[in-house]
Amino acid sequence: MEILKPEQLKEKFNDPWVAPYEKILTMVDGDKVEIVEYHPCISGSHWLLNQYRNNSELIDSAYRDGNKHVYSCHVGCAPLDLKASFNAAGIDEIVIDGDEVKVTHAGLAGAGVGAGMCRGMGEGVKYVELEKIGGGSKPGKATVVTPKLEKVVIGIDDTDTKEEGATWTMAHNVGMELKSEGFEYIDHIIVQLYPHNPHKTQNCVSIALTFAVESERKEELINKLVEILKRDSLSDKTAIAILEGLDIPEKLREYSIATKSGMMTVEKAEEVAKELNIPLIAVTGEQGKVGALAALGLYNDVEEAVKVYDKK
């Protein structure tokens, strides 16, 4: 077995049949692990997602968004029985070792090349334990080692007024500013809320921003986000809600659906948040708490998030 850092892999395998991944992030919550990979291809990468989802016992669910693959997994060891075309690639083992996550990939032919060499060149990778190179008709196998991160989802609402502004754009710009300061900004989800809400500015949506962050930097992330919103928000009703970890409580999802289909009070939002131990922060005011909390319950279900419930 050979241990190589990304720059060493690039020097050793400077070949036209190796396509480096853009980035790999790994978030942990107990024995649950979420892997986010930015593949070098776009739609062509769906073949790989299908193989991984169907062949890996350690993967509980997976989806693709452009070239971004998201695998919801659990710690364990489940060796693959590789078979060309049918069982061509997947994850053999997932181990959490201190502040590192070690994910062992295996695959045949081109999928074997992707297992270690392509992944190992991606941003976010510390090093790769390269067992078999793969390529041609040969199997490949490697353990990709990344830092252990945690997921933080921040719901944001009420940053605009009836005269100016847009919450979805301001939220994205907040995410981009935090990215420029070294935080991993993963996603931006627009959640449609109750369209007949008299408090709305116009379209009545709130936003969920997703970050992968080192445990010791979570407080810094939240404080900086609040600072930016206080600086840039146009509204005196801006609030945020904060969800940590990889699970969405069922009661939170129910609250979000209810906030899409009817009126919700600040008091009810505070009651649900307190029961679920979800911090609600009034940045410039209280009203935004309703939508900020609702954004959290649907951040991982984009189809449901955008639905309009037209009930008066």
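The values are calculated or read from the model by the stated rules, or taken from the named source; none is laboratory data. All of these numbers come straight from a predicted model, not from anything done at the bench. Every residue, glycine as well, gets a Cβ built from its backbone with ideal geometry; the counts of neighbours run over all protein chains shown.
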Legend entry - Check on ILE96, assigned by TED's automatic domain parsing to the domain that holds VAL128, closer than 23 Å to ASP301 by Cβ and surrounded by fewer than 16 Cβ atoms within 10 Å (Cβ to Cβ): no
Inset, instruction - Inspect region 298-309 for any residue being of a type in the set (A, V, I, L, M), surrounded by fewer than 16 Cβ atoms within 10 Å (Cβ to Cβ) and over 25 Å from VAL28 (Cβ atoms) and give the result as yes or no. - result: yes
Inset, instruction - Please indicate, with yes or no, whether at least one residue in region 180-193 is at pLDDT 95 or above and either in a helix (DSSP H, G or I) or in contact with a His (Cβ under 8 Å, 6 or more places away or on another chain) (or both). - result: yes
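Filter region 156-168 down to the residues that are surrounded by 13 or more Cβ atoms within 10 Å (Cβ to Cβ) and free of Cβ contacts under 8 Å to residues at least 60 places away in the same chain and list them by number.
ALA166, THR167, TRP168
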Inset, instruction - May I ask you to list pairs of residues, at least six apart or on different chains, whose Cβ atoms are under 7 Å apart, with the first in region 31-59 being within 20 Å of GLU123 (Cα to Cα) and the second being surrounded by fewer than 17 Cβ atoms within 10 Å (Cβ to Cβ) and of a type in the set (Asp, Glu)? - result: TYR38/GLU22; PRO40/GLU22
Legend entry - Number of the exception - MET170 against (1) modelled with pLDDT of 90 or more; (2) among the hydrophobic types (A, V, I, L, M, F, W, C); (3) in a strand (DSSP E or B): (3)
Legend entry - For LEU293: the one exception among (1) part of a helix (DSSP H, G or I); (2) surrounded by fewer than 22 Cβ atoms within 10 Å (Cβ to Cβ); (3) of a type in the set (A, V, I, L, M): (2)
Legend entry - Members of region 53-67 found to be at pLDDT 95 or above and either assigned to a strand (DSSP E or B) or hydroxyl-bearing (Ser, Thr, Tyr) (or both), listed by number: SER56, ILE59, ASP60, SER61, ALA62
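Being surrounded by 24 or more Cβ atoms within 10 Å (Cβ to Cβ), more than 30 Å from ILE240 (Cα to Cα), touching a residue at least 12 places away in the same chain (Cβ under 8 Å) and not assigned by TED's automatic domain parsing to the domain that holds ILE186 is true for just one of ALA142, ALA109. Which residue is that? Show your work before the answer.
Numbers: ALA109 fails: surrounded by 24 or more Cβ atoms within 10 Å (Cβ to Cβ).
On inspection, the qualifying residue turns out to be ALA142.
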